[in-house]
Amino acid sequence: MSEGLVILLVIFVLAMFVGFEVIAKVPNTLHTPLMSGSNAISGITIIGAMIVAGMGTTTLATILGVIAVAFAMINVVGGYVVTDRMLQMFKTKPEAKR
Amino acid sequence: MAGFIELAYLVAASLFILGLKRLAAPATARQGNLLSAVGMLIAIVATLFDQQILSFQWIVVGGVIGSALGLWIARTVKMTAMPQMVGILNGLGGGASQLVAAAVWHRLMQPGAILPLDTAVSIYASTLIGGVTLSGSIVAAGKLQEIIPGRPVLFRFQHVLNLILLLAGASMGTYLLISPGHPGVFITMNLIALIVGVLVVIPIGGADMPVVICLLNSYSGLAAATTGFVISNHGLIISGALVGASGIILTQIMCRAMNRSFTNVLFGGFGAVSKVALAGGTVGPSGKSAQEISAEDVSILLAYARSVIIAPGYGLAVAQAQHQVRELDELLEKRGVEVKYAIHPVAGRMPGHMNVLLAEANVPYPKLLDMEQINSQFERTDVALVVGANDVVNPAARNNPNSPIYGMPILDVDNARHIIFLKRSMNPGFAGIDNELFYNEKTFMLFGDARDSLIKLVNEVKTA
C-alpha cells in the first residue's frame, strides 16, 4: 500500500466523522431535503467524469465519460433544484391565499 | 495550476459542509442548499482548468443533456414521488462512478500505460459499489413506483447466490490484479455488480423501501468516494464521505423507527413474516366491532375541542388530502382550537417525507411535531384525528410481545380523550396486523376515502 493511498484513506475517514457530526444535527423535518441535497453532493463524481470525458485517449473511454458526465449532471442539477423547491415550501406562517 | 485546482476543491468541500450545517434549521436550510450548489459550481469550473482535459466538446454535450434532464425531473416531479426521484438520483450517482471506473480502466489498459496496484483496487471497488447502487436503486424506485411488485420476491438459496456472486466478483478483481488485460473478465465483473444490486433489493418488501433508499443514498456517496480514490482526488473523497455518513445516519434512524435491525431489513422479507404472525397472534377476541361515527358528529367533536392533534399517515398522501387537512386545520384554528400534527418517522415513504407533503400544502412547519416532542401531549388533547395511518398508532407495539410490530416506537394517540380514525375500511395496515385501538371505547371510525371524509368535515365545521 503506497503512502498516497494512506493519505487518501486518512482524508476519507476524517471526512466521514465530520459528516456524522454535521448530519446528526439535521432535524427529522428536513430529512427528505437532506437526502436530495446530499444526493446532489454525491454528483461530485462529475469531476472524475469530466476528466475522463475530456482526456480523449480512447473513443470508448470518451463515450463512457460522456455518459458519466450526463448521469452526474442529472444528479447535481436535479438534486439542487428539487431540494430548493422543497425548502421554499417550509414556512413558519401560512401563506396569504393567492 | 494544479495547486489552484486542489484549493478550489477544498473550498467546494468546505461549502458542502457549511451548507449541510445550515440544514439544521428550516430557516437557514435554503441558504445552505445554495451554498452547497455554489461549492459544486466552483468544483466544476476548477476542473475545466485541469491540464488532463484536452477537449471540451464532449463534456459540454454530456453536461447540457444531463442539466436539461435534471432540471426537467426536478421541476415536474410530484412531492409524493420524491422517494422514487431520490432513488433514481442515487442510482445515477452510482452509475456515474461505475462508468468513470470503467473509462479509467480502459485507458490504463492501452499499450504503454501502467495500472498501479492502488488504482486497480480502487477501480474494482468503484465498479462493485457503483454497479450495486445503480441497479439496486432502479429496482427500489421501480418498487416505489409500483412498476415492480412491492412484495418481497424470495427464492431459495438467495443469500447463498448473493454470496457466491460477491465472491466471484472479488476473485475476478484479484485475478485482474495478477494478470491484467482481460476485458472479458472486467466486463463480467461489472455485470456481476449489477446483478448483485438487483438481487439484494428484490427480496425487500415495499414498506421497507425507505430504509433501502437511505442505504443506497449512503452507497452513492461511497461510490463517489471510491471514484476519488481512482483519480486521487481529495474533493471527491471528502464529498463522497459526507454523503456516505449522511446515508448511514438516516438508515439507522429509519431502522430504529421501525424497530428492525439492519440485517433484518436486508435479509427479511417482512411481508412473508407478517403472514405467519397474522395466523398465530390475532389480537383480542375476533368479531369485535368498532364504533362508527358520522362526519357531522366528528365535526362537532372537533369544533368544540380545545386541542386537536392530527396524526397523518401515507394514506393521506395517497388520497391527496393534504390540502383538505390544512383547510380543516385553518377552520379549527379560527374557532380557537389548537391544532398540531404528530409526525411518525415512517409516516411517509422516506425520512421526512410527510413534512414535505404537508409543507407543500402550506402547513407551517412549527406545527409539525416529532414523535418524541408530541407523545407527552396526547393526554392533554381532546381529539386525536388519525388520517390514513394505522400501524404507527397501534398500541400492540407497546403491550403485545407477540405482535410483529412489538417494540416499534408509536404515537401515543390512545392517550387522547377521543380518537377518530379516518379509514377506508377495517382492513389492517401493511403489516397485516389488527389494531386493538379500533375497539377502544374512546375510538370512533369515520369510514370512507380520506379526502372525501375531510371535505365533509370541512363543510360540517363551517356550519357548526
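The values are calculated or read from the model by the stated rules, or taken from the named source; none is laboratory data. These figures come from a predicted structure and were not determined experimentally. All Cβ positions, even for glycine, are placed from backbone atoms using ideal geometry, and neighbour counts span all protein chains on display. The protein model used for the area step is the full one, side chains on, heavy atoms only, and it has no ligands, DNA or RNA in it. Shrake-Rupley method; radii C 1.70, N 1.55, O 1.52, S 1.80 Å.
What figure in square angstrom, to the nearest 10, would you give for the accessible area of B:Leu35 with a 1.4 Å probe?
Counting only protein heavy atoms, the figure is 50 Å².
Which trypsin sites (Lys or Arg not before Pro) in the stretch B:105-204 sit in a loop by DSSP (not H, G, I, E or B) and have at most 13 other Cβ atoms within 10 Å of their own Cβ?
Sites meeting the loop and neighbour criteria: B:Arg156.
Note the angle between two axes, namely the Cα long axis of helix B:2-22 and the longest principal axis of the Cα atoms of chain B, as a number of degrees from 0 to 90, rounded to the nearest 10.
In chain B, helix B:2-22 runs at an angle near 10 degrees to the longest axis.
Relative to the longest principal Cα axis of chain B, at what angle does helix B:82-108 sit, 0 to 90 degrees, rounded to 10?
10 degrees
Tell me, which longest segment in chain B has none of the chymotrypsin sites (Phe, Trp or Tyr not before Pro) that fall in DSSP loops with at most 12 further Cβ atoms within 10 Å?
My reading of the result: B:305-464 is the longest stretch.
Per residue, how large is the accessible surface of chain B? Use a 1.4 angstrom probe and give square angstrom.
So chain B comes to 41 Å² accessible per residue, rounded to a whole number.
How much length is gained on full extension from B:Lys78 to B:Val61, taking 0.36 nm per residue of separation minus their Cα-Cα distance?
Result for the pair: 3.3 nm of gain on full extension.
Largest first, how would A:Ile47, A:Ile63 line up by accessible area (1.4 Å probe)?
Largest to smallest exposure gives the sequence A:Ile63, A:Ile47.
Could you tell me the accessible area of B:Asp208 in Å² (1.4 Å probe, neighbours in place), rounded to the nearest ten?
The value for B:Asp208 is about 0 Å².
What is the magnitude of the charge dipole of chain B about its Cα centre, with +1 placed on the Cβ of each Lys and Arg, -1 on the Cβ of each Asp and Glu, and no other charges, expressed in debye to the nearest 20?
Around 340 debye, computed over chain B.
Among residues other than B:Ile374 whose Cβ falls under 14 Å from its Cβ, what is the net charge (Lys/Arg +1, Asp/Glu -1)?
Combined, the nearby Lys, Arg, Asp and Glu give -3.
For A:6-16, what's the mean count of beta carbons from other chains sitting within 10 Å of each residue's beta carbon? Kindly include the intermediate steps, with their values, before the conclusion.
Working: counts 1, 3, 10, 2, 1, 9, 12, 2, 3, 15, 11.
The shielding value for this peptide is 6.
Could you sort B:Arg30, B:Arg349 by their accessible area in this structure, using a 1.4 Å probe and putting the largest first?
The most accessible residue leads, giving B:Arg30, B:Arg349.
What helices in chain A pass both tests, a Cα length along the helix axis of 18 Å or more and a mean Kyte hydropathy of 0.5 or higher, using whole DSSP H runs?
A:3-23, A:59-73
What fraction of the Cα pairs in the stretch B:1-93, stated in percent, has a spacing above 17 angstrom? Please list the in-between numbers first.
Details: 2783 of 4278 pairs.
For the stretch B:1-93, the share of Cα pairs beyond 17 Å comes to 65 percent.
Helix B:158-178 versus the longest principal axis of chain B: what is the Cα-based angle in degrees, 0 to 90, to the nearest 10?
20 degrees
As I understand it, the dipole of the stretch B:1-157 uses +1 on the Cβ of Lys and Arg and -1 on the Cβ of Asp and Glu, about the Cα centre. Which of B:Gly39, B:Met1, B:Phe56 lies farthest toward its positive end?
In the stretch B:1-157, that residue is B:Gly39.
Summarise the partner chain shielding of B:357-370 as one whole number: the mean count of Cβ atoms from other chains within 10 Å of each residue's Cβ.
Counting Cβ atoms of other protein chains within 10 Å of each residue's Cβ and averaging gives 4.
Give, rounded to the nearest 20 debye, the magnitude of the charge dipole that the protein assembly as shown has about its Cα centre when Lys and Arg contribute +1 at Cβ and Asp and Glu contribute -1 at Cβ.
Around 460 debye, computed over the protein assembly as shown.
What average count of beta carbons from other chains do you get within 10 Å of the Cβ of residues in B:215-226?
Counting other chains' Cβ atoms within 10 Å and averaging over B:215-226 gives 4.
B:Ile249 accessible area, nearest 10 Å², 1.4 Å probe?
Approximately 20 Å² for this residue.
Determine the alpha carbon to alpha carbon distance for each of B:Lys21/B:Lys78; B:Lys288/B:Lys423; A:Lys91/B:Lys423; A:Lys93/B:Lys334; A:Lys91/B:Lys78 and list only those over 22 Å. Walk me through the numbers on the way to the answer.
Details: B:Lys21/B:Lys78 27 Å; B:Lys288/B:Lys423 17 Å; A:Lys91/B:Lys423 29 Å; A:Lys93/B:Lys334 14 Å; A:Lys91/B:Lys78 19 Å.
Pairs exceeding the cut-off: B:Lys21/B:Lys78; A:Lys91/B:Lys423.
What's the magnitude of the charge dipole for chain A around its Cα centre, counting Lys and Arg as +1 and Asp and Glu as -1 at the beta-carbon? Answer in Debye, nearest 20.
Details: 6 positive and 4 negative charges, 132 e Å.
I would put it at about 640 debye.
Relative contact order, percent, of chain B when contacts are C-alpha pairs under 8 Å separated by at least 6 residues?
Numbers: 777 pairs, mean separation 63.9, N = 464.
For chain B, the relative contact order is 14 percent.
How much of the DSSP beta bridge set in chain B is antiparallel, as a percent to the nearest 5?
That works out to approximately 0 percent antiparallel.
Order B:Asp50, B:Asp297, most accessible first, counting only protein heavy atoms with a 1.4 angstrom probe. Intermediate values should be presented prior to the final figure.
Numbers: B:Asp50 25, B:Asp297 75 Å².
The ranking, largest first, comes out as B:Asp297, B:Asp50.
Just to check I understand the Karplus step: with θ = phi - 60° and J = 6.51 cos²θ - 1.76 cosθ + 1.60, what whole-Hz values come out for the stretch B:444-459, glycine and proline as x?
Per residue, the Karplus-derived 3J(HN,Hα) values read 10, 10, 10, 7, x, 4, 4, 5, 4, 4, 5, 4, 4, 4, 4, 5 Hz.
Determine the sum of side-chain charges near B:Lys288: Lys and Arg each +1, Asp and Glu each -1, restricted to other residues whose C-beta is under 11 angstrom from that of B:Lys288.
Residues close to B:Lys288 contribute a combined charge of -2.
Can you give the longest stretch of chain B with no exposed loop site, where a site means GluC sites (Glu not before Pro) in a DSSP loop (not H, G, I, E or B) with at most 10 other C-beta atoms within 10 Å?
Numbers: sites that count: B:Glu146, B:Glu441.
Between the exposed loop sites, the longest stretch runs B:147-440.
Considering only C-alpha atoms, what is the centroid distance from the stretch A:28-98 to the stretch B:287-306, in Å?
47 Å
Set Lys and Arg Cβ to +1 and Asp and Glu Cβ to -1, take the dipole of chain A about its Cα centre, and tell me which of A:Gly54, A:Ser36, A:Val22 lies farthest positive.
A:Ser36
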